[in-house]
Structure formats: C-alpha cells, structure tokens
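Heads up: the structure comes next, in structure tokens.
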Amino acid sequence: MHATLAEVTAALAVRLRTFDVAHVVGHSLGGLIAYETLATLADLPPGRAVLMGAPVRGSRAARAVAAAQQRLDLERRLHAGVGRGRPLDRAAD
C-alpha cells in the first residue's frame, strides 16, 4: 500500500475524531505521522501523544550516511584533479 503523508494524516484524523479523548502512541514512522497529524490539525479531540523512536529531530543514521557521501564525493573530486592541473570545481567534468 502506498499513500502520501497528507492521505495518511487525513485518515488518522478521521479515526481520532470518533473519540471524545484520543491518546496516540506512535513508533518510528508512525510517530512522525502522529506528530504531523496532531501538529497540523486543530480540530482533533484532546489527548496525549507518545512518540517512541520517531526521528522528529532527524536521524543519526541518516546524518551519518549523508556525511559519508559528502566525504566520498570530496575524495573523488580531489582524486580526479590531482596532478592534472585542473581546479577542483572542474575536476568532476
């Protein structure tokens, strides 16, 4: 099943509106969906939310992968330009 964030948050909101008080527990991506739903829709019933393992402040693993990719790109550019008398910004050409 594939759905957009807007579709999933709308579906969760429909379900939450069937309660007088709604407490939500979200894990990982479910936590992000719960957070987005609760943060963007004001007409939901009162309640509490618990987010477990939800990367609401980003992901350490994603940051590590991005940093490794940047280092690899720099190493490739440096290697391509070494000894060829080309400036680094043209080494990738």
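Just a few scattered comments:
- Scan of segment 39-49 for residues that are in contact (Cβ under 8 Å) with a residue 24 or more places away in the chain, within 23 Å of Ala3 (Cβ to Cβ) and open to solvent by 60 Å² or more (accessible area, probe 1.4 Å), ordered by number: Thr40, Asp43
- Residue-level analysis places His27 among those that are open to solvent by 90 Å² or more (accessible area, probe 1.4 Å) and at pLDDT 85 or above.
A quick yes/no check of all residues on (1) among the polar types (S, T, N, Q); (2) open to solvent by 60 Å² or more (accessible area, probe 1.4 Å):
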position: Glu7; (1), (2): no, yes
position: Leu16; (1), (2): no, no
position: Ala34; (1), (2): no, no
position: Thr37; (1), (2): yes, no
position: Ala54; (1), (2): no, no
position: Arg63; (1), (2): no, yes
position: Arg71; (1), (2): no, yes
position: Glu75; (1), (2): no, yes
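The values are calculated or read from the model by the stated rules, or taken from the named source; none is laboratory data. Just so you know, these numbers come straight off a predicted model, no measurement behind them. Note that each Cβ is placed from the backbone with ideal geometry, even for glycine, and that neighbours are counted across all protein chains shown. Accessible surface is based on the protein model in full, side chains and every heavy atom, while ligands, DNA and RNA are left aside. Shrake-Rupley method; radii C 1.70, N 1.55, O 1.52, S 1.80 Å.
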